[in-house]
1. Residue by residue, what Karplus-based ³J(HN,Hα) values in Hz, rounded to whole numbers, does the range 11-16 have, using 6.51, -1.76 and 1.60 with θ = phi - 60° and x for Gly and Pro?
2. With the calculation restricted to Cα positions, what are the radius of gyration and Dmax of the chain in angstrom?
3. With a 1.4 Å probe and every protein chain kept in, tell me what percent of the accessible surface of the chain is carbon plus sulfur.
4. So if I place +1 on the C-beta of Lys and Arg and -1 on the C-beta of Asp and Glu, and nothing else carries charge, what would the dipole magnitude of the chain be about its Cα centre? I want it in debye, nearest 20.
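The values are calculated or read from the model by the stated rules, or taken from the named source; none is laboratory data. Note that this is a predicted model, so its numbers are computed, not measured. Here the Cβ positions follow ideal geometry from the backbone for every residue, glycine too, while neighbour counts run over all protein chains shown. Ligands, DNA and RNA are excluded from the accessible area calculation, which covers all protein heavy atoms including side chains. Shrake-Rupley method; radii C 1.70, N 1.55, O 1.52, S 1.80 Å.
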Amino acid sequence: MPDEIRYVSRYDERISSVRAVLEEDTGLTGAACQDLAVRLLRLIDEAPEKLRR
């Protein structure tokens, strides 16, 4: 039986990366890290280009 290919969006990859850093560097739970990762990426994505440089 062939292996299934699972699609993971770039957004989900970014969330996972940020979550991993938060889990490694904070004492927060996995759920709290997930929520914070989503909030942080939303803030970064909505920031004007001038602020991101």
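1. So the Karplus estimates, Gly and Pro as x, are 4, 5, 5, 5, 4, 4 Hz.
2. Rg then Dmax for the chain, in Å: 14.2, 50.
3. 54 percent
4. Approximately 340 debye in magnitude.
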